[in-house]
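Below is one structure; the comments refer to it alone.
A short reminder: the numbers here are calculations on the coordinates, not readings from a lab. Everything numeric in this text was worked out from a predicted model, so none of it was measured. Cβ: placed from backbone, ideal geometry, glycine included. Neighbour counts: every protein chain shown.
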Amino acid sequence: MDAMAVQALSSQDECGVLTIDLGALARNYQRLRAMAAPAETTAVVKADAYGLGADIVSKTLYQQGCRTFCVAHFVEAVALRPILPADAAIYVLNGLQPGNEEKARLLRITPVLNSLEQISNWSRTASEAGQPLPAAIQVDTGMCRLGLSDEELRTLIARPSLAANIAISHILSHLASADDADAAQNESQLARMSEVVSLFPGVKSSFANSGGIFLGAAFHNDLARPGIALYGGVPTTSEHEPLSAVVKLEVQVIQTRTVPAGAKVGYGGDFTACTEMRLATISAGYADGLPRSLGNRGAAYFGGTRLPIVGRVSMDSITIDISALPAGTLRLGSYVELIGQHQTLDQIARDAGTISYEILTSLGQRYRRIHKSAPAAPLS
Ligand SMILES: *Cc1c(COP(=O)(O)O)cnc(C)c1O
């Protein structure tokens with residue numbers, strides 16, 4: 001058989017199907033934007049848009065009116081630049097490593113400057129180019145991760161010439177506990193942020209991630225920066241209308257079997273059947289982003305039926321208990337749900353002892369990806 005003929009044969013998905021609902025993504029963007037208004041709402045598309053595809057996610061959100069995008073690393077910004085029209089701003093949250101400044105200038109990539117050293121490097125690039133260059137300046141308001149320390153901030157205020165050639169677009173800071181509506185840290189960071197912002201009269205500011213948007217208007221400033229909420233993750237402990245689910249994950253059954261009481265299942269014989277059981281082995285494992293911590297804890301679903309994971313999660317497969325289903329319901333080629341209507345992204349994350357962010361960014365490249373298309377025009 002020649003190559004063309006082989007290609008023409010429809011292939012069954014050996015692993016599973018990851019469905020990404022771009023309409024839901026668009027709805028989430030519009031909802032967050034309405035909540036944060038009159039602030040602008042950027043889209044955080046770092047880590048390949050949390051594993052969902054920075055390319056298609058960014059194009060979809062551009063169509064929805066988004067004109068500012070944030071990535072973490074410079075390489076991500078370089079990859080995104082040709083995908084987005086010229087009027088889209090791309091911010092690099094982690095700032096620039098020495099040596100990337102000129103390329104950033106030429107590609108019109110905007111750094112978030114996190115230290116006096118980065119400010120000095122960007123300022124020098126601007127003066128050599130003979131043009132002011134835009135940047136955000138991040139200030140640490142209590143997370144101790146990135147941004148100017150109090151001492152660096154004092155130095156900058158005392159010597160504004162350090163940023164002489166920089167057109168400061170925003171003073172930016174990041175919340176450490178925005179997902180927890182009751183955390184005292186939110187208020188202390190807010191108080192510090194107001195002090196910092198008052199040192200830069202007339203300059204815009206940016207504070208809220210997804211959780212911050214739900215903390216209320218005091219946190220919205222001029223530019224909100226949601227990531228996880230765009231992708232359907234639960235951003236906050238506070239009561240809210242659920243966001244639209246963006247991701248559905250279905251995995252194929254590759255074998256079923258009946259085992260007697262006493263049978264040991266999986267690596268290490270970590271699960272022992274206490275009665276006769278029917279089992280199915282499904283075709284995804286920890287290499288596909290289903291954490292080992294789901295072993296003997298998590299579940300798949302079929303319809304409304306919970307099918308507990310038995311034994312350890314393997315690299316490429318997981319064994320589930322299907323005894324609750326009528327015999328013959330699942331067979332070679334059937335699909336079970338790992339993320340979807342019956343088990344949310346946050347539920348599987350909880351079972352795995354992690355967060356939705358880590359599940360999404362770990363899903364990997366072995367699933368067939370289906371994009372449910374978004375409306376071409378902005379949703380209102
Ligand atoms: C990742 C990130 C965001 C987005 O955070 P979510 O919690 O996903 O909304 C916003 N700002 C900064 C600086 C980030 O690193």
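In debye, nearest 20, what is the charge dipole magnitude of the chain about its Cα centre with +1 on Lys and Arg Cβ and -1 on Asp and Glu Cβ, if you could check?
Details: 31 positive and 35 negative charges, 116 e Å.
The calculation lands at about 560 debye.
In this simple spin-label approximation, residue 83 and residue 157 carry label points 7 Å from Cα along the Cα→Cβ vector, and these lie 4.0 nm apart. At most 14 other Cβ atoms within 10 Å and a DSSP loop assignment: could you name the trypsin sites (Lys or Arg not before Pro) in the range 131-213 that fit? Taking the range 131-213 and a limit of 14 other Cβ atoms within 10 Å, the loop trypsin sites (Lys or Arg not before Pro) found are 145. Principal-axis analysis of the Cα atoms of the chain puts helix 22-36 at an angle of about 40° to the longest axis.
Full extension of the segment from residue 75 to residue 181, taken as 0.36 nm per residue of separation minus the current Cα-Cα distance, would add 34.8 nm.
With contacts taken as Cα pairs under 8 Å and at least 6 residues apart, the chain reaches a relative contact order of 19 percent.
Could you list 207, 69, 271, 200 so that the one with the fewest beta carbons within 10 Å of its beta carbon is first and the one with the most is last?
Details: 207 30, 69 27, 271 21, 200 17.
Listing 207, 69, 271, 200 from fewest to most nearby Cβ atoms yields 200, 271, 69, 207.
Karplus-derived 3J(HN,Hα) values for the range 149-154, using 6.51 cos²θ - 1.76 cosθ + 1.60 with θ = phi - 60°, are 6, 4, 5, 4, 5, 4 Hz; glycine and proline are entered as x. Once the Cα-Cα distance is subtracted from the 0.36 nm per residue extended length, the residue 379 to residue 164 segment shows a gain of 73.3 nm. Pairs with C-alpha atoms separated by more than 26 Å, drawn from the list 59/248; 103/248; 103/372; 204/248, are 103/248; 103/372; 204/248.
Among the trypsin sites (Lys or Arg not before Pro) within the range 43-138, those in coil by DSSP and having at most 15 neighbouring Cβ atoms inside 10 Å are 67, 108.
Can you give the FRET efficiency for residue 264 and residue 293, using 1/(1 + (r/R0)^6), R0 = 30 Å, r = Cβ-Cβ distance, to the nearest 0.05? For R0 = 30 Å, the calculated efficiency reads 0.90. For residue 371, the residues 5 or more places off, or on other chains, whose built amide H falls under 5 Å of its own are 20. One Cα centroid belongs to the range 312-359, the other to the range 246-303; the line between them spans 8 Å. Any idea what angle helix 54-63 forms with the longest principal axis of the chain, computed on alpha-carbon atoms, 0 to 90 degrees, nearest 10? Compared with the principal axis, the helix lies near 60 degrees.
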